[in-house]
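First up is the structure itself, then whatever we jot down about it.
A short reminder: the numbers here are calculations on the coordinates, not readings from a lab. Everything numeric here is computed off the predicted structure, so don't read it as measured data. Neighbour counts run over all protein chains shown; Cβ positions are idealised from the backbone, glycine included.
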Amino acid sequence: MSVSAEVVGEQKMATVSLVRNTWSLSKVQALFALPFNDLLFKAHTVHRENFDPNAVQISTLLSIKTGACPEDCSYCPQSVRYDTGLEKQALMEIAAVVEQAKVAKANGASRFCMGAAWRSPKDRDLDKVTQMVEEVKALGMETCVTLGMLENSQAKRLKDAGLDYYNHNIDTSEEFYKKVITTRTYQDRLDTIDAVRSAGINVCSGGIVGMGEEISDRAKMLQTLANMERPPESVPINQLVQVEGTPLEGVELIDSIEFIKTIAVARILMPASQVRLSAGRSEMTDEMQAMCFFAGANSIFYGDQLLTTENPSQSADYKLFKRLGIHPATA
Ligand code: SAM
Ligand code: DTB
Ligand code: SF4
């Protein structure tokens, strides 16, 4: 894939020619095997060629339906199968969601992401979610939802409501996936991503690292994303938030250098995508986050809470941006 940069207003935006890219696993693994400085230099160079290196896009998350999810994702506090002490909450009222979006906008977020703990939405759930999308969009924000598996017709309804992004993670490699989730397949995930893409909605898809996977699983996950007919426009890289009561509580912590390397490889493989430093920032030092931005991360979740777990406070993020000379990217 060839990538060129052009200046649009103040922002450097990437324009990508539609030549399909294919990364072999050995090439991706060779990137992971590079000396750290060589890998970071390469990733930062690609980053600079495609984006303003000091701009970070800000998204805010809201859990619009919490807990009691029938799926068995081993990392997730919202699964009904694990006793995590989480209080469940039915689908929120539209007005309450719009209020939260207004607060997020006032705090500088350009994208509002609404997450629901569903295996897949029912059509009557979508009646409400499509209205949420329309009303949040009317505030002048980009909209994103993550609702589980989607049929083509449901993706089309969301597109018609004006949805900008749909988040659906592949989470890890196909092989490791089977050890983490049994209630839906990897192919189910890829099918939902296809439905989203076919409906003309931007794809947000990434995964979680620190679940006890091998480096080769991380390489395969990034290879799968990068080799999609069109790579996701947005690639969240989550560090596992270990939640008490979930099967993955107590798994060996990922080495922070390996996490930064994962961000760097994501940047090299998907030069024009937004790479989001997603869950797990509360457990990271400022220096580690700074390295992730240098390695090519250019988006974060901003706000004191992710879906159900803690995120750094807004004032801590404000201070970090100031210390690093980073400014919020405009949508
Ligand atoms: N229920 C929908 C689904 O799974 O498709 C949407 C919400 S789900 C919480 C969205 C994503 O959050 C998951 O795919 C997973 O990648 C991420 N996630 C969930 N729990 C996490 C945790 N403890 N640490 C890091 N990421 C997590
Ligand atoms: C994504 O990749 N990470 C976000 C968002 N997409 C929906 C979710 C992180 C959830 C972390 C655990 C929680 O707060 O419940
Ligand atoms: Fe349910 Fe999504 Fe959590 Fe899996 S990740 S248990 S599908 S809310």
Exercise for the section: Only residues that are aliphatic (A, V, I, L, M) and under 21 Å from Cys69 (Cα atoms): list them for the range 154-195, please. Expected result: Ala155, Ile170, Val180, Ile181, Leu190, Ile193
Exercise for the section: Please go through the range 172-202 and pick out each residue that is out of contact with any Phe, Trp or Tyr (no Cβ under 6 Å at 6 or more places or on another chain), more than 13 Å from ligand 1 (Cβ to nearest atom), more than 22 Å from Cys144 (Cα to Cα) and of a type in the set (D, E, K, R). Expected result: Glu175, Lys178, Lys179
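Table: residues versus (1) closer than 25 Å to Cys144 by Cα; (2) in contact (Cβ under 8 Å) with a residue 24 or more places away in the chain; (3) of a type in the set (Val, Ile, Thr).
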residue: Glu244; (1), (2), (3): no, yes, no
residue: Pro247; (1), (2), (3): no, yes, no
residue: Glu252; (1), (2), (3): no, yes, no
residue: Ile260; (1), (2), (3): no, yes, yes
residue: Ala266; (1), (2), (3): yes, yes, no
residue: Leu307; (1), (2), (3): yes, yes, no
residue: Pro312; (1), (2), (3): yes, yes, no
Problem - Unmet requirement for Ala279, which otherwise passes all of (1) touching a Phe, Trp or Tyr at 6+ places or on another chain (Cβ under 8 Å); (2) more than 16 Å from ligand 3 (Cβ to nearest atom) - result: (2)
Problem - Flag if Ala279 is surrounded by fewer than 22 Cβ atoms within 10 Å (Cβ to Cβ) and assigned to a loop (DSSP other than H, G, I, E, B) - result: no
Problem - Enumeration of residues in the range 127-144 that are outside any helix (DSSP H, G or I), without any contact (Cβ under 8 Å) to a residue 60 or more places away in the chain and under 30 Å from Thr185 (Cβ atoms) - result: Thr143
Completion exercise
Matching residues in the range 293-311 (away from ligand 3 (no atom under 16 Å from the Cβ), of a type outside the set (Ser, Thr, Tyr) and either surrounded by 21 or more Cβ atoms within 10 Å (Cβ to Cβ) or within 14 Å of Ala109 (Cα to Cα) (or both)) number 9
